[in-house]
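Following: one structure in structure tokens, then a few remarks.
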Amino acid sequence: MKNEQVFLKIFRYNPVTDQIPTYKTYEVPYHEGLLLLSAIKYVRDHMDDTLAFRDYCCGCSWCMSCTMMVNGEGMRTCSRVLQPGERILLEPMRGYPVIKDLAVDFGINVTTSEGVFKKMEGTVLRRVKEKTA
Amino acid sequence: MILHTDILVIGAGGAGARAAIEAAMREPGLKITILNQGPIGKSGLTSMANGGMQWVEHPDDSPDFLFGDILRFGCFLNDQNLVEALTQEGPQRAQELIDWGAQMISFSRGSRGGSPSGQDKRPSYPRGHYIPGVTYMKALRNEMSRHANITVFEDVLTTRLITSDNRVTGAFVLSIRTGEYFIVAAKATLLASGGLGEIYPHSTNAPFGMHGHAAGMGYAMAYRAGAELIDMEMVQFTGNQLYPPWLLGNPELLCMMCGGQYINALGDEFIQQPQPRDVIQRSAYKEIKEGRGTERGGVFIDLTKSPLSSEEIEEQLKHSLAVEIAKERWELIKRMSVNDPDPKNWRIEFTPGGAHFFMGGVRIDEKCRTNLEGLFAAGEVSGGVHGANRMGGNAMVEIIVFGARAGRYAAEYAKGEKEVGFEDPSKQEYERLCSFFRDKGTPPKAIMDRIAAFMSEYVGVARRETDLKKALSELESVRADDLPKMRAPSGRCFNLGWIEAIQVPCMLDVAQMIIMSALHRTESRGAHFREDFPETKSEWLKHTRVIKKSDQMELGTTPVVITKLNPEGRI
């Protein structure tokens, strides 16, 4: 089990400096019970301190702050247990504007008499649910 | 950019969100601006709370009984005017929250009486309820979204309160998304920024070692602005789980919920529950110190003698972990748990000293006013409600009761006030924040770890003058040697390292407040246990007080507010 690794291929995009997103692969040392969110934190703490993601955890897999696309599927990274040698493709959660790397803007709900709207990146308003007549 | 508002709320956890709603409801003409370090409901401490709450409901129970219990648990260090508000308004505030859509889960063992946190020694009346933090925040977030006069800013970090002539007139705010700043000028400013668990290496405020937005920025900002802080030595510790790993949560809660026993490495039960948290922590500490601890330096919660069946235990554990979602993690816990999938055979190993809650904080009166004009405070950042030990189930009630009060009185205040001008500190403050960008130096995380290490080593469950002085000298060395070399990674957009760097000087200030207050209180009371002064002394029935005087931290004391119950000692 020693010297095992997991490979995280991570979506990188800095809106200030990058024209297009790039992907970068990081090798993270594996130990039994390594959680995907901890592995991402490991990358930031030990390999690349410019990596942006939502480094918050509620500890009970409830809040969805750490939701990302993992191998194309949206999931909570705090609840994803890694296997030795595993290759993971990590991208920001689909359907939300990317702030930087893996961090997205989840938006703020606004409720008016016309329905529920989602406010994202300050200006964009869109209806979450169609209003029933 | 200067944004003008009537009421500025710093922090959108339970207290801040509830305050914004109250102010918006009472005064629809006022403009309310609320700031949060992350997305609301996906950040902060309320979202991670397991949701144990207590309030009076039973027909034979009364707020007076609860009042007495809270004071005995708090070793009479509570401000009684605040406790009265808590006990009397709790049920109504909780009902509102449920009406707004918070999901109350009936607590199957709540009928034993007391809160689910296993602390009520007197199971006189059932008071325990359970509203998980996430549904709690969802209800508040939805309710907030209905008020057009509330403007929400997410992913922003408030780094400084702005004052003019001893009056708080707004705050300096950094946008985490862009790295740009703005000033919010406000008639009333309401601090609801939560606790400071991250100052300790093991904390229920920072699951998996991730951030929980509990670096104590609020305490430090209030202190720097000249606010009075009380009882900063009162740190509530809980168990830090050693084994099985990933079984997160408060061990005392698990013990109570699952009917476990506290046993030492020899297999003897060393304390019978239910007991207040500080008593459990001290007895576990004693067992380990006297050589009856495990190899990992812990003690056990033994579930083998639980009156519950395996299925019931599993249900309780899953419940606290939301395992219906986190199936993989549950499987992992089971696999890692001495290879025995039956939790009835488990011994959960823990060590005392995981930071859980801070009883101390900014001094408030019953209208949530502080000593600074224009500054209100509510929630964990405020002090005086819980005295020397918080009774389980009171934090989640405190935040809505005092959140609502702060919102109400801040609205009353803002309505009658005019905005005052102030000297714009933004250039100087932004320069300070940008000074952390360097080519070479120590990463902020390393300095945070160093602070956490000496806090845990010297300012933990048991304290001594010699240790506290060592902590103080370590702190000075960090301030003098490490801080000037601290390096934030480059780039201003969503730069987590920069945010950590901004928090480090605040953590140092807060650590200093805790250490100096702990040195000042030469007695043992509740969560503050001095090995060199083990007795509780009646002359120490007063708050320690920290205030900034000519750039120095000045220690003193201030009387406890007593309204109707005379101190009579511990239960």
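The values are calculated or read from the model by the stated rules, or taken from the named source; none is laboratory data. The structure displayed is predicted, hence computed values, not measured ones. Positions of Cβ are generated from backbone atoms using ideal geometry, with glycine treated the same way; all protein chains shown enter the neighbour counts.
Laid out as a table, the results:
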quantity	calculated
Residue ID - nearest to B:Gly133 (Cα to Cα), chosen from residues in the stretch B:176-204 that are over 13 Å from the mean Cα position of the chain (by Cα) and part of a loop (DSSP other than H, G, I, E, B)	B:His202
Meets criteria (within 10 Å of chain B (Cβ to nearest Cβ) and over 15 Å from the mean Cα position of the chain (by Cα)) for A:Gly107	no
Extreme residue, surrounded by the fewest Cβ atoms within 10 Å (Cβ to Cβ), among residues of the stretch B:195-213 that are touching a helix residue (DSSP H, G or I) at 6+ places or on another chain (Cβ under 8 Å) and closer than 12 Å to B:Ala49 by Cβ	B:Pro207
Checking B:Ile21 against (1) surrounded by fewer than 23 Cβ atoms within 10 Å (Cβ to Cβ); (2) touching a helix residue (DSSP H, G or I) at 6+ places or on another chain (Cβ under 9 Å); (3) among the hydrophobic types (A, V, I, L, M, F, W, C), the condition it does not meet	(1)
Flag if A:Glu27 is in a loop (DSSP other than H, G, I, E, B), more than 7 Å from every other protein chain (Cβ to nearest Cβ) and touching a helix residue (DSSP H, G or I) at 6+ places or on another chain (Cβ under 9 Å)	no
Out of A:Gly95, A:Gly115, sole residue that is surrounded by fewer than 17 Cβ atoms within 10 Å (Cβ to Cβ), without any contact (Cβ under 8 Å) to a residue 12 or more places away in the chain and more than 11 Å from the chain's Cα centre (by Cα)	A:Gly95
Residues satisfying the stated conditions in the stretch B:50-68, i.e. assigned to a loop (DSSP other than H, G, I, E, B), out of contact with any Cys (no Cβ under 9 Å at 6 or more places or on another chain) and within 14 Å of another protein chain (Cβ to nearest Cβ)	B:Gly51
Considering residues of the stretch B:462-488 that are without any contact (Cβ under 8 Å) to a residue 24 or more places away in the chain and under 16 Å from B:Lys440 (Cβ atoms) only, the residue nearest to the other protein chains (Cβ to nearest Cβ)	B:Pro484
Any chance A:Leu37 is touching a residue at least 24 places away in the same chain (Cβ under 8 Å), part of a loop (DSSP other than H, G, I, E, B) and at the interface with chain B (Cβ under 10 Å from one of its Cβ atoms)	no
Among (1) in contact with a Gly (Cβ under 9 Å, 6 or more places away or on another chain); (2) surrounded by 13 or more Cβ atoms within 10 Å (Cβ to Cβ), the one test that A:Thr17 misses	(2)
Residues of the stretch A:41-74 satisfying the condition of being more than 10 Å from chain B (Cβ to nearest Cβ), farther than 20 Å from A:Asn3 by Cβ and not acidic (Asp, Glu)	A:Met68, A:Met69, A:Val70, A:Asn71, A:Gly72, A:Gly74
B:Glu423 modelled with pLDDT of 95 or more and either of a type in the set (Asp, Glu) or in a loop (DSSP other than H, G, I, E, B) (or both)	no
Odd one out for A:Gly85, checked against (1) surrounded by fewer than 20 Cβ atoms within 10 Å (Cβ to Cβ); (2) of a type outside the set (S, T, N, Q); (3) modelled with pLDDT under 85	(3)
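Matching residues to (1) in a strand (DSSP E or B); (2) more than 12 Å from B:Met234 (Cα to Cα); (3) without any contact (Cβ under 8 Å) to a residue 60 or more places away in the chain:
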{"position": "B:Met507", "(1), (2), (3)": "no, yes, no"}
{"position": "B:Phe529", "(1), (2), (3)": "yes, no, no"}
{"position": "B:Glu535", "(1), (2), (3)": "no, yes, yes"}
{"position": "B:His543", "(1), (2), (3)": "yes, no, no"}
{"position": "B:Lys548", "(1), (2), (3)": "yes, yes, no"}
{"position": "B:Thr557", "(1), (2), (3)": "yes, yes, yes"}
{"position": "B:Val561", "(1), (2), (3)": "no, yes, no"}
{"position": "B:Asn566", "(1), (2), (3)": "no, yes, yes"}
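Every residue, every condition in (1) in a helix (DSSP H, G or I); (2) in contact with a strand residue (DSSP E or B) (Cβ under 9 Å, 6 or more places away or on another chain), yes or no:
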residue	(1), (2)
A:Asn3	no, yes
A:Lys9	no, yes
A:Pro15	no, yes
A:Gly33	no, yes
A:His46	yes, yes
A:Ala52	no, yes
A:Gly59	no, no
A:Ser65	no, yes
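Yes or no, residue by residue, for (1) in a loop (DSSP other than H, G, I, E, B); (2) more than 14 Å from every other protein chain (Cβ to nearest Cβ); (3) at pLDDT 90 or above; (4) in contact with a helix residue (DSSP H, G or I) (Cβ under 7 Å, 6 or more places away or on another chain):
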residue	(1), (2), (3), (4)
B:Leu248	yes, no, no, yes
B:Gln273	yes, yes, no, yes
B:Lys286	no, yes, yes, no
B:Gly291	yes, yes, yes, no
B:Glu295	yes, yes, yes, no
B:Glu311	no, yes, no, no
B:Arg329	no, no, no, yes
